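Trainee: My structure is below; once you've seen it, I'll send some questions.
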Amino acid sequence: MPNNGTDGAPLIERVKGKAKEVAGRVTGNKDLANEGELHQTKADQMEAARRLEAEAAQRAEEAELHERERELDLEQKRLAAETAEAREADRIESERAAAEVEADRTAAARKERARHDEVIEQQAVSKDEVRAAQAAADERRRAEALEAEAARKLEQADTLDDAAQQI
């Protein structure tokens, strides 16, 4: 509430008004008595204005507090969304890494089996061994098909990684 050096003004107006009113009644001067009443009315109006100013200031403070609370709520929601987004990105990255590790492990195991099959083929001298070598070649082809599938899974994991980075 602004203070223009009039903190005691309503009281002064009230005292002046009462003094003039009493003096006017004692002396029979109706104008002076009326002026005294006007001073008292002015004091009432000044007090009412001060109350309204105080109420307006209080409401302004409440509005500012409400706005700060709203901004804080929005900030909390933004932080929660960022946290959820980061968790989702971490989950996707973990899944991609796990898929990549599994694809690498599967590919390595198949390559090892294929090498083993090649050794068996080289040692095959009898018909049974030749048939076994052909079976191993079939297995190698299946292994290569699985490796191709592993490569596709790896590409899918990379796609998931790219999607996570875009989030």
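Here, each number is a calculation from the coordinates, and none is a lab measurement. From a predicted model like this one, the values you see are computed outputs, not experimental measurements. FYI the Cβ positions are ideal-geometry reconstructions off the backbone, even for glycines, and counts take in every protein chain you see.
Trainee: Using the per-residue mean of other Cβ atoms lying within 10 Å as a proxy for protection, in what order, highest first, do the peptides 83-90, 21-28 fall?
Mentor: Going from most to least packed, we get 21-28, 83-90.
Trainee: Continuing with the same structure: Need one number: nm distance between label points at LYS30 and ALA109, each 7 Å from Cα along Cα→Cβ, rounded to one decimal.
Mentor: Between LYS30 and ALA109, the simple spin-label model gives 11.6 nm.
Trainee: Compute the FRET efficiency between ALA135 and ARG91 as 1/(1 + (r/R0)^6), taking r as their Cβ-Cβ distance and R0 = 45 Å, and round to the nearest 0.05.
Mentor: Once the sixth-power term is evaluated, E becomes 0.60.
Trainee: Rank-order 105-116, 57-68 by packing density, defined as the average count of other C-beta atoms within 10 Å over each peptide's residues, highest first.
Mentor: 105-116, 57-68
Trainee: Ok, one more. Assuming a ≥ b ≥ c are the square roots of the Cα gyration tensor eigenvalues, decide whether the chain counts as rounded (a/c under 1.5), prolate (otherwise, with a/b larger than b/c) or oblate.
Mentor: prolate
Trainee: Further question on the same structure: Please work out how much length the chain gains when fully extended from ALA98 to GLU118, using 0.36 nm per residue of separation minus the C-alpha to C-alpha distance, in nm with one decimal.
Mentor: 4.2 nm
Trainee: Among the helices of the chain (complete DSSP H runs), which have Cα atoms covering no less than 24 Å along the helix axis and a Kyte-Doolittle mean of at least -1.0?
Mentor: Result, helices passing both filters: 9-27.
Trainee: Is it possible to state the helix-based mean residue ellipticity at 222 nm for the chain, with each DSSP H run of 4+ residues giving -39500 (n - 2.57), the sum divided by total residues, to the nearest 500 deg cm²/dmol? What is it?
Mentor: After summing the helix terms and dividing by the residues of the chain, the value is -34500 deg cm²/dmol.
Trainee: How far apart, in nanometres, would the label points at ARG50 and GLU82 be if each is projected 7 angstrom from Cα along the Cα-to-Cβ direction?
Mentor: Those two pseudo-labels are separated by 4.8 nm.
Trainee: Still on this model: So how many Lys-Lys pairs in the chain land under 21 Å Cα to Cα, not counting same-chain pairs under 8 apart?
Mentor: Number of lysine pairs found: 8.
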